[in-house]
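The values are calculated or read from the model by the stated rules, or taken from the named source; none is laboratory data. Because the structure is a prediction, the values reported are computed rather than measured. Every residue, glycine among them, receives a Cβ derived from its backbone with ideal geometry; neighbour counts consider all protein chains shown. Quick note on the areas: whole protein, heavy atoms, side chains included, nothing else; ligands and nucleic acids left out. Shrake-Rupley method; radii C 1.70, N 1.55, O 1.52, S 1.80 Å.
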Amino acid sequence: MIPFPAHERAVKLRNIMAEQGLDFCLLSSPENMEYFSGFQAITYTRPIRLVVTGDCTHLIVPALEEEHATLDSTVVDHLHIYYEHPPKAQENPGAFAILKNILSEKANAAVGVEAGSLSLAQAQMLESWGCRLKDISALLVRMRAIKDEYEKDCIREAGRLCSYAMGVSLEHARPGISELEFEQYGTTALYNLISGDDYPYVFSSPTCFTPSGIKRTNMPHVFSGLRQFQDGDMVIHVRKPAINGYHGELERTFFVGHPNEKAKRAFSAMVEAQMTVLDAIRPGVTGGEMDALARKVLNKYGYGEYAIHRVGHGQGLGRHEEPFLIYDSNLVLEENMVFTVEPGIYIPDVGGFRHSDTLIITRDGYENTTPFKRLPEELTFA
């Protein structure tokens, strides 16, 4: 497996800092902290902060995360611990006292922050210390949009697990099975696949959900339940495992039993819309152009008003991350960006229909990390 590229990422961030005239970068969003340090906590209700200077990195964590932060997966120069229990809490500085001490190394410091993750109260606190704040969120989005070899390796493996688990679950598609029971076949098989001691990755999320029937497939994001598949149902099965924090995404709509003609027509229109984008996506096109291609197909079938979300999103540490393939995007796609392509339609009294694949943009087109059957005749289970 490719080593975590902490040094290379820090160098790129320091180049941004130099261009922007920054003394420090203060990162508070979980994904950006993980991107630069490898540290991934389960909860962030307690302050956790990563500070990048011109020559080192500082990670501030609560005491209950100390052991976690000393694992080999975390790569920082200085680890700072604060406490929430007496007497240590009274004897040692708290999270923001530690942060103030670091930032006070430079008077009137210029600090790069993520405006979307920094509360107004904390921004005012930093300014009261004499810090001059500059939002670098867009620069971080741009940096993360171009995936390095480590990221692509993780996303490919996540995609492989998506396809494997999807295939196993679909072997059990039939009327009478519940959404939860159906998806657990694939999840159990996935756990068995990676259970060996020689598996080189960290498997960090088995996320999946499986809405079925007209009403539930019209809710694009809904947890699985005990509803049983019925004859004629459309089902949207979603697989989003994460490898070393990086998510794959594979979604397939399928039929159980004998669908009606309206459902079959909608399914075919959705597939045509996705295939039209897959035929066109490559470096040099824009996100808005890809969204428009899918909508042109869906409008042809009279389904345009039911296409209520963007045609795709960035994929990586975030399940849905910037940039997006959306109607108003002027973003020009580049090699090594990663996107899902998932034009969906949600039609009252007919049902919801969506396929999704995760693509790595290549020099001449794309690499599909989630290759899987997609046609109606391949995805109808009597």
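Length gained on full extension, Glu127 to Lys106: 6.2 nm, using 0.36 nm per residue less the C-alpha separation.
Every Cα-Cα pair in the range 242-339 was counted, and those over 17 Å apart are 57% of them.
For the cross-link pairs Lys147/Lys373; Lys134/Lys240; Lys12/Lys134; Lys100/Lys147; Lys262/Lys300; Lys240/Lys300, the ones whose C-alpha atoms lie over 24 Å apart are Lys147/Lys373; Lys134/Lys240; Lys100/Lys147; Lys240/Lys300. FRET efficiency for the pair Ile146 and Asp231, taken as 1/(1 + (r/R0)^6) with r the Cβ-Cβ distance and R0 = 56 Å, rounds to 0.75. Ellipsoid semi-axes for the range 17-172, based on the Cα gyration tensor and the rule √(5λ), read 32, 21, 14 Å when sorted largest first. Working from label points 7 Å from Cα in the Cα-to-Cβ sense, the Asp198 to Glu377 distance is 4.1 nm. The simple Förster model, with R0 at 35 Å and r as the Cβ-Cβ distance, assigns Thr188 and His258 a FRET efficiency of 0.75. The range 209-244 and the range 106-122 have Cα centres lying 41 Å from one another. Counting charges near Pro283 (Lys, Arg +1; Asp, Glu -1) among other residues having Cβ under 14 Å from its Cβ returns a value of -2.
What a 1.4 Å probe finds exposed on the range 246-297 is 55% carbon and sulfur by accessible area, rounded to a whole percent. Label point of Glu367 set 7 angstrom out along Cα-Cβ; within the range 196-233, amide nitrogens under 19 Å from it belong to 200-202.
If the segment from Glu305 to Thr286 were pulled out straight at 0.36 nm per residue, it would be longer than the present Cα-Cα gap by 4.6 nm. Each DSSP beta bridge with both residues in the chain is either parallel or antiparallel, and the antiparallel ones are about 75%. With a Förster radius of 25 Å applied to the beta-carbon distance between Ala18 and Thr45, the computed FRET efficiency rounds to 0.15. Overall, the accessible surface of the range 28-169 at a probe of 1.4 angstrom is composed of carbon and sulfur to the extent of 52 percent. Counted over the range 91-247 with a bin width of 5 Å, the fraction of Cα pairs per bin, in whole percents, is 2, 8, 13, 12, 10, 9, 10, 10, 9, 8, 5, 3, 1, 0. Measuring with a 1.4 Å probe in the full set of protein chains, what accessible area per residue, in whole Å², belongs to the range 246-382? Heavy-atom accessible area per residue stands at 40 Å².
The tail of the calculated P(r) for the chain, taken as Cα-Cα distances beyond 35 Å, holds 34 percent of the pairs.
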